[in-house]
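The values are calculated or read from the model by the stated rules, or taken from the named source; none is laboratory data. Note that the coordinates shown come from a computational prediction; the quantities given were computed from them, not determined experimentally. Quick reminder, even Gly has a Cβ in these numbers, built from the backbone with ideal geometry, and neighbours come from all protein chains shown. Accessible surface areas use protein heavy atoms only, side chains included; no ligands, DNA or RNA. Shrake-Rupley method; radii C 1.70, N 1.55, O 1.52, S 1.80 Å.
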Amino acid sequence: MLTRQPILQNFRRAFSSSCRREKQRLVILGSGWGGYEILRGVDKKRWDVVLVSPNNYFNFTPLLASCAVGTLEFRCAIEPVRRYSPAAGIYQAWCDRIDFRNKTLQCMPATKPSHVASPSDTTYDHQISTTSPGSGLKFPLKYDKLVIAVGAYSQTFSIPGVKEHAHFLKDVRDARAIRSRILECFEQANQPTLSDTERRHLLNFVIVGAGPTGVEFAAEFHDLLHAEIWEHYPSLAKMARINLYDVAPSILGMFDSNLVQYAEKNFRREGISIWTSHHVDKVEAGKIYIKEQGEVPYGLLVWSTGLSPNPLVASITELKKHPKTQSIITDDHLNTLRTDGTPDPDVYVIGDAASLASAPLPATAQVANQQAKYLYKRLNKIIRDRTHEKPFEFHNQGTLAYVGNWKAIYDRPDEGGLPGLNKEKGRLAWLLWRSAYFTQTLSIRNKILVPFYWFLNCKFWFFDWIFGRDLTRF
Ligand SMILES: Cc1cc2nc3c(=O)[nH]c(=O)nc-3n(C[C@H](O)[C@H](O)[C@H](O)COP(=O)(O)OP(=O)(O)OC[C@H]3O[C@@H](n4cnc5c(N)ncnc54)[C@H](O)[C@@H]3O)c2cc1C
């Protein structure tokens, strides 16, 4: 009985792969908000689905700031892509090059060669080049239809030292590195050999970029500082400072001005320093040079100043690109446009890597997710020989941002969004913020884990008796 089982499985696998051959192959590049949703929704009985992504998980990005400060555990912000194998083929690899004429991809394993030890957290670099040498043998992959959902990288504006010294917040591994560095700063500052000036330098926390990601990280970090850090490092907590920098004249540019004022007032009251209309000249280890302030020492620098094109997207010359963002332009059906302006019927692009020709949309999870839903429905209809001519339409559900101390802001457009709610702030918006992320959390496991950790780790008001965030560093 024991020996028969694998034979049966192998037979089934061989049989199903021969069935696969007859199916058209759909290759999805990327397992983020766009790629993962296509993987979930596309009909795997009708398409031979192959996913290529350097991560074997999906990142629930809105929860990364909470993970970085320990409000949530890292597992809460990821979903495994292998949940969908063997119905879909999955390669943990980078796509390096696309040959549109021969419909072939060149891929590079994102795993180390077998004789090299598995990568440790410290070797991870999300800005890694897609042509990084020595990560294994490249392999070709044919496609009939291709979905490019590779997202974008963090924008550094080529400011010297940013790539080398700043922390980014794009991936769960970034969140882990940030959490570890915060705790390291406090443990270092606690050493008896340091002077108070050295302690203050280490406990000066700098965030560059006051969009939703930078603001939410500042807010979450403030909560950590005023709860567990105050309890465990009382004298050091008094020395700690959070500084938020941006070149723009105000924070959260895309929000209604009243909501922005509310967020700014809240931050100032809670002791978060906002430095708008400030420009970073260069970054060194432990020092950032601000045009308006000169040298500013820091213990942790978090960089979140928008997006730059993914190297794969940058390497593509056969498709039309947006002149400013360099993202790939699509028609209303999310097909890419060749340089002569004709749509490529077999290549689609969605999410942060895409720009809709008729109306460019913001680079958000909401857009990537809606585009993915539209596209898998379209692909499922194509395979059933039914045309799907309806163009993609974006339905704006509104934007939320956490501003700390159990308060948030919610801005929705005049049409769409949640009925009866428009521009909200404070506790009600915070409730919307938490319910929105709870609702969007995908697996049952995370639907249990997320509220469990919210409850377990909260330390606020009369909830002081609950455990609080874990401050161990390992
Ligand atoms: C911290 C943070 C918080 C955010 N919060 C919100 C929010 O609250 N609401 C909101 O709407 N948006 C939010 N966003 C923005 C949102 O996450 C992005 O707009 C969204 O992830 C874009 O989806 P995507 O599929 O285009 O790209 P991504 O989700 O970035 O996925 C790209 C995928 O492609 C893979 N990839 C990269 N290069 C290659 C390659 N060469 N070959 C194969 N695969 C490749 C990556 O590993 C990744 O799996 C947030 C972003 C961050 C960083």
Within the stretch 180-275: Cβ-based charge dipole about Cα centre, in debye rounded to nearest 20 (Lys, Arg +1; Asp, Glu -1): 320 debye
Could you do me a favour and compute the accessible area per residue for the chain, 1.4 Å probe, result in Å²? 48 Å²
What fraction of the DSSP beta bridges in the chain is antiparallel, stated in percent and rounded to the nearest 5? 50 percent
Residues with amide H under 5 Å of Leu51's amide H, sequence separation 5 or more or different chain, H placed in the peptide plane at 1.01 Å from N; which? Ile28, Gly89, Ile90, Tyr91
Given Ala88, Ala218, Ile178, which one lies farthest toward the positive end of the charge dipole of the chain, if we put +1 on the Cβ of every Lys and Arg and -1 on the Cβ of every Asp and Glu? Ala88
Whole-Hz ³J(HN,Hα) for each residue in the stretch 28-44, computed from phi via Karplus 6.51 cos²θ - 1.76 cosθ + 1.60 with θ = phi - 60°, x for glycine and proline: what do you get? 10, 9, x, 10, x, 4, x, x, 5, 5, 5, 4, 5, x, 6, 6, 7
Cβ crowding within 10 Å averaged over residues, with 228-234, 240-246, 93-99, 427-433 ranked highest first: 240-246, 93-99, 427-433, 228-234
Please list, in chain and number order, the residues 5+ apart from Trp275 or on another chain whose amide H is under 5 Å from its amide H, with Hs placed from the backbone. Leu244, Tyr245, Asp246
For the stretch 177-269, the Cα convex hull volume per residue in Å³ comes to 101 Å³
For Val347, the residues 5 or more places away or on another chain with a placed amide H closer than 5 Å to its own amide H are Leu146, Thr336
Computed on alpha carbon atoms, what radius of gyration and Dmax characterise the chain, expressed in Å? 23.5, 75
Over the stretch 172-327, what percent of the accessible surface lies on carbon and sulfur atoms, probe 1.4 Å? 51 percent
Could you give me the ³J(HN,Hα) list for the stretch 439-444, computed from phi with Karplus coefficients 6.51, -1.76, 1.60 and θ = phi - 60°, whole Hz, x at Gly and Pro? 5, 6, 4, 8, 7, 5
What size of dipole, in debye to the nearest 20, comes out for the chain about its Cα centre when the only charges are +1 on Lys and Arg C-beta atoms and -1 on Asp and Glu C-beta atoms? 1860 debye
Residue-ordered couplings for the stretch 63-75, obtained by feeding phi - 60° into the Karplus form 6.51 cos²θ - 1.76 cosθ + 1.60 and rounding to whole Hz (Gly and Pro as x), are 9, 5, 4, 5, 5, 5, 10, x, 5, 10, 7, 4, 4
